[in-house]
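Worksheet for the structure shown next.
The values are calculated or read from the model by the stated rules, or taken from the named source; none is laboratory data. Note that the structure is a prediction, hence the values are computed from the model and not measured. Every residue, glycine among them, receives a Cβ derived from its backbone with ideal geometry; neighbour counts consider all protein chains shown.
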Amino acid sequence: MVYFINDIITGALIGLLYALVAMGFVVIYRASKVFNFAQGELVIIGGFIVWFTTMQVGLSLWLSIPLSLVLAGLVGYAIERIFLTKLIGESVFSMVMVTVGLLILLRGLVLLLFGPAVRPFPIIFPLKPLFLGDMLIPMNLLIGGIITVVAAVGLSWFFNRTRSGLRMTAVAEDHVVASSMGISVKGSIAFAWILGSILSTIGAMIFLSGKSLTFLASDIGFAALPVALFAGLESIGGLILAGVIIGVAQSLTTNYLDPMIGGSLGSVVPYIIMLAILLVRPTGLFGWRTIERV
Amino acid sequence: MTYKTRHGLRGLLAAGAMALAATIPLKAQAETTYNLALLSDFSGPYADIMPALASSREAVFDWWNATSGQKLGVTLNYKNYETRYDAAQVASLWPGIKSELDPIAVVGLGGPDVAALSERLPEDKIPMFMATAAYGYAWQSDAWIFNPRPTYSHESAGFLSWMREQRGGDEPLKVAILASEASPAYVDMAKGLELYAEEHPEELDLVEIIYTEVQPTDLTAQMRRVARAGAEALIVQTNTSIVVAAKRGLQANGADIPIMMSSHNGLPASGSALGGLDQLEGDYEAYGMAVAADEDTPARQFYETLAADYGLEAPWNVVTAMGISQGLYTVAVIGHAIEENGAEGLTGEKVREALFAQPITAEETQGFLPTLTFTPDAPFPLKGLQVNVGTVKDGKITIEATGVDVPDVKKW
């Protein structure tokens, strides 16, 4: 029974990591209505920035972590300035296609700049797990889970309770209308990309702490995708619940069902849950239902 | 400038240079000249190992031209083609390669080459020689693509047989496999050993096969389950990221279960990804090829010869060993074909016939490979299979066992 509870806790924490990465999707979507297909690539860009400042430049973690977050923010800003700012007012589809191109470009850039070699990622969180009796909780996931909850609460408050957050929501509704109301569309979208890049870098630190770094790490973007769609692309708070449900379901499937069937059902379960909820509620659990009047 | 930096730059330049090189006619250097097409990946996922692998096999061809080739009056010209490890690229390049070079053999790199050319080579009657272990799904008769090593499952079965012998006792060895469904090759590695364990319950007790992502989030729970089941060995033949995650999972559980890796994700690569070889103290790598350890072996001596006399700059490691062994068994087969058919009029078909005609001895491959006896029944030798085992002792890679017999693994 203890192990069962432990598997549920570990699953919930992994789900919260997915939720953190998914938060990048949601933040960018809420400010621009753009679904960023390159979210996983932002995670590896963040990972490589942390690796570079720590392992190559040799900075201590206390210096490299804040510096990496700043650099990641600059990368997000640069991406928005170079690729997206000119598309303001154009169809959302164009911007989404740009993110598909971005996915390929960022992967290529990582390979070109750093090569495909597998590198040791710095140990940011203690490797020794937390022991609670017979239960064992990985420290990186535990601290990551706390960070995710704090980030979700903070961002929910920001988007729902502050003027800046509400302005970003207005931008997502319609670029032209928002602009005519005196809202800086460029500023809002740039801020969302900065935030998305920073969240991805935090996700990379939790995901990769003490492990290895290659461009394959971008696959976590696909793991986070069901969480974002399950929660609904506008809901930051909903990510927590969606992440926990998907993480626990995946953990129990991996630990109890997979050994019985000799397969990898655990990697498919998040998508099954996502499709099931989308069949019933196409906007996701907490997504906004929009009524269009013609 | 370090070796790696220098070769990294060379790797980048190589891809571009190849397009230019395609317009330059090959230079004949002896009475009879034959061409080899070398499939390479200087700009794809194996770009980091390609300079070492390519320069190693090229050094072997240069050595052969200067020694055996000179005596036989034959020169082997070779040319690299950039495939980016992409089956579509290989397929689109192949007609051009064939018309330009008319090669008597192709020296391949990996799965995309096999996928793209497995139907073409029998028609074109040109054999391809690989460097890696073989796969169960490619285990078919009348092959034109050959591996000097048996399947990954053969290699892991050989290692586990050795490990059980080292442990002693009559009980089966408890084993877990860590695989991934991200690639058919990774599934294949697990399925072959699974079948072997099913058919030999007195030898192996397969406690679990764990399928995970190629970059796992966390394997702590899975490793706890493996430790609780009393596993005595963990087989990870997939990639280094999974080795790293498994090691961290074992460390988190305070479990000390030795991991067995293969050549492509072996001790040097996984140690580097973990931050140092010392992290893999007591773990193993096992494959049907010489272990690139510090010991003074015939293979090491041959590497030194290539480095001293034939300009080989690649460091002594498992990738270099793969390139050299690939080059050596390729030239051995060609040598046999020339002995049987004379220096003139050699074709790909005659080279393939020579592969079956007589074994390639361990002496011919300078101890890099065991004696290889190919038959039309399989793309790899089915008899006399052996693996070598390397481990980390005091932070250094050492040879733990050589010439370990591989048990009979049935086709799956």
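In the condition set (1) among the aliphatic types (A, V, I, L, M); (2) at pLDDT 90 or above; (3) touching a Ser or Thr at 6+ places or on another chain (Cβ under 6 Å); (4) under 30 Å from B:Gly367 (Cβ atoms), B:Val244 is compliant with all but (4). Picking from residues in the stretch A:105-157 that are more than 10 Å from chain B (Cβ to nearest Cβ), over 18 Å from the mean Cα position of the chain (by Cα) and of a type in the set (Val, Ile, Thr), the one that is nearest to A:Phe37 (Cα to Cα) is A:Val110. For the residues B:Ala343, B:Ala362, B:Ala354, the requirement of being assigned by TED's automatic domain parsing to the domain that holds B:Gln301, touching a helix residue (DSSP H, G or I) at 6+ places or on another chain (Cβ under 8 Å) and not in a helix (DSSP H, G or I) singles out B:Ala343. Check B:Ser153, B:Ser183 and return the single one that is modelled with pLDDT of 95 or more and under 28 Å from B:Thr320 (Cβ atoms). On inspection, the qualifying residue turns out to be B:Ser153.
Within the option set B:Arg84, B:Arg120, B:Arg167, being outside the structural domain of B:Thr347 (by TED's automatic domain parsing) and among the basic types (Lys, Arg) holds for one residue only, B:Arg167.
Table: residues versus (1) at the interface with chain B (Cβ under 10 Å from one of its Cβ atoms); (2) surrounded by 24 or more Cβ atoms within 10 Å (Cβ to Cβ); (3) among the hydrophobic types (A, V, I, L, M, F, W, C); (4) outside any helix (DSSP H, G or I).
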residue: A:Ile5; (1), (2), (3), (4): no, no, yes, no
residue: A:Ile14; (1), (2), (3), (4): yes, yes, yes, no
residue: A:Ala19; (1), (2), (3), (4): no, yes, yes, no
residue: A:Met23; (1), (2), (3), (4): no, yes, yes, no
residue: A:Val50; (1), (2), (3), (4): no, yes, yes, no
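Every listed requirement among (1) within 12 Å of chain A (Cβ to nearest Cβ); (2) touching a residue at least 12 places away in the same chain (Cβ under 8 Å); (3) not basic (Lys, Arg) is met by B:Met130 save one, (1). A:Leu275 satisfies every condition listed in (1) away from chain B (no Cβ under 11 Å); (2) surrounded by fewer than 18 Cβ atoms within 10 Å (Cβ to Cβ); (3) modelled with pLDDT under 80 except (3). Which of the residues spanning the stretch B:306-341 are farther than 24 Å from B:Asp48 by Cα and among the charged types (D, E, K, R)? Across the stretch B:306-341, the qualifying residues are B:Asp309, B:Glu339, B:Glu340. Residues of the stretch B:15-46 that are within 14 Å of another protein chain (Cβ to nearest Cβ) and either modelled with pLDDT under 75 or under 14 Å from B:Ala131 (Cβ atoms) (or both): B:Ala15, B:Gly16, B:Asp41, B:Gly44, B:Pro45, B:Tyr46.
Of all the residues in the stretch B:123-142, those that are surrounded by 23 or more Cβ atoms within 10 Å (Cβ to Cβ) and either assigned by TED's automatic domain parsing to the domain that holds B:Glu203 or in a loop (DSSP other than H, G, I, E, B) (or both) number 5.
When the stretch A:219-230 is examined, which residues are found to be within 13 Å of the chain's Cα centre (by Cα) and either crowded, with 24+ Cβ neighbours inside 10 Å or away from chain B (no Cβ under 14 Å) (or both)?
A:Ile220, A:Gly221, A:Ala223, A:Ala224, A:Pro226, A:Val227, A:Ala228, A:Leu229
Only one entry in B:Ala378, B:Ala321, B:Ala357, B:Ala362 is in contact with an Asp or Glu (Cβ under 8 Å, 6 or more places away or on another chain) and more than 17 Å from B:Leu76 (Cα to Cα), namely B:Ala357. What's the total number of residues in the stretch A:248-261 that are in contact with a helix residue (DSSP H, G or I) (Cβ under 9 Å, 6 or more places away or on another chain) and either of a type in the set (Phe, Trp, Tyr) or surrounded by fewer than 13 Cβ atoms within 10 Å (Cβ to Cβ) (or both)? Count: 1.
Does A:Ile206 satisfy the criteria of being touching a Pro at 6+ places or on another chain (Cβ under 6 Å), in a helix (DSSP H, G or I), within 14 Å of chain B (Cβ to nearest Cβ) and surrounded by 21 or more Cβ atoms within 10 Å (Cβ to Cβ)?
Details: touching a Pro at 6+ places or on another chain (Cβ under 6 Å): no; in a helix (DSSP H, G or I): yes; within 14 Å of chain B (Cβ to nearest Cβ): yes; surrounded by 21 or more Cβ atoms within 10 Å (Cβ to Cβ): yes.
No; evaluated as a whole, the condition is false for this residue.
Starting from residues that are among the hydrophobic types (A, V, I, L, M, F, W, C) and surrounded by fewer than 20 Cβ atoms within 10 Å (Cβ to Cβ), keep the ones in the stretch B:66-92 and report whichever is nearest to the chain's Cα centre (by Cα). Once the filter is applied, the top-ranked residue is B:Ala87.
In the stretch B:234-254, the residue that is nearest to the other protein chains (Cβ to nearest Cβ) out of those that are among the hydrophobic types (A, V, I, L, M, F, W, C) and not in a helix (DSSP H, G or I) is B:Val236.
When A:Val96 is tested against (1) within 30 Å of A:Val176 (Cβ to Cβ); (2) touching a Ser or Thr at 6+ places or on another chain (Cβ under 7 Å); (3) modelled with pLDDT under 90, exactly one condition is not met: (2). Scan the stretch B:260-284 residue by residue and report those that are surrounded by 21 or more Cβ atoms within 10 Å (Cβ to Cβ) and either away from chain A (no Cβ under 14 Å) or in a loop (DSSP other than H, G, I, E, B) (or both). Scanning the stretch B:260-284 gives B:Met260, B:Ser262, B:Ser263, B:His264, B:Asn265, B:Gly266, B:Asp283, B:Tyr284.
A:Gly196 fulfils the conditions (1) within 14 Å of another protein chain (Cβ to nearest Cβ); (2) of a type in the set (Gly, Ala, Ser); (3) in a helix (DSSP H, G or I) except for a single criterion, (1).
From the list A:Phe215, A:Phe159, A:Phe191, the one residue that fits, being crowded, with 20+ Cβ neighbours inside 10 Å, within 26 Å of A:Pro66 (Cα to Cα) and modelled with pLDDT under 85, is A:Phe215.
Would you mind stating whether A:Val96 is free of Cβ contacts under 8 Å to residues at least 12 places away in the same chain, within 22 Å of A:Ala231 (Cα to Cα), more than 10 Å from chain B (Cβ to nearest Cβ) and surrounded by fewer than 19 Cβ atoms within 10 Å (Cβ to Cβ)? Break it down stepwise before answering.
On the way: free of Cβ contacts under 8 Å to residues at least 12 places away in the same chain: no; within 22 Å of A:Ala231 (Cα to Cα): yes; more than 10 Å from chain B (Cβ to nearest Cβ): yes; surrounded by fewer than 19 Cβ atoms within 10 Å (Cβ to Cβ): yes.
No; evaluated as a whole, the condition is false for this residue.
In the stretch B:55-89, of all residues being over 28 Å from B:Glu304 (Cβ atoms) and of a type in the set (Ser, Thr, Tyr), the one that is modelled with the highest pLDDT corresponds to B:Tyr81. The set of residues in the stretch A:257-271 that are at the interface with chain B (Cβ under 10 Å from one of its Cβ atoms) and not in a loop (DSSP other than H, G, I, E, B) comprises A:Asp258, A:Pro259, A:Leu265, A:Gly266, A:Ser267.
Considering the stretch B:295-319 alone, what residues qualify as being of a type in the set (Ser, Thr, Tyr) and surrounded by fewer than 24 Cβ atoms within 10 Å (Cβ to Cβ)?
Residues satisfying the conditions are B:Thr297, B:Thr305, B:Tyr310.
Taking the stretch B:184-222 as the range and being closer than 28 Å to A:Leu13 by Cβ and more than 10 Å from chain A (Cβ to nearest Cβ) as the test, only B:Tyr186 passes.
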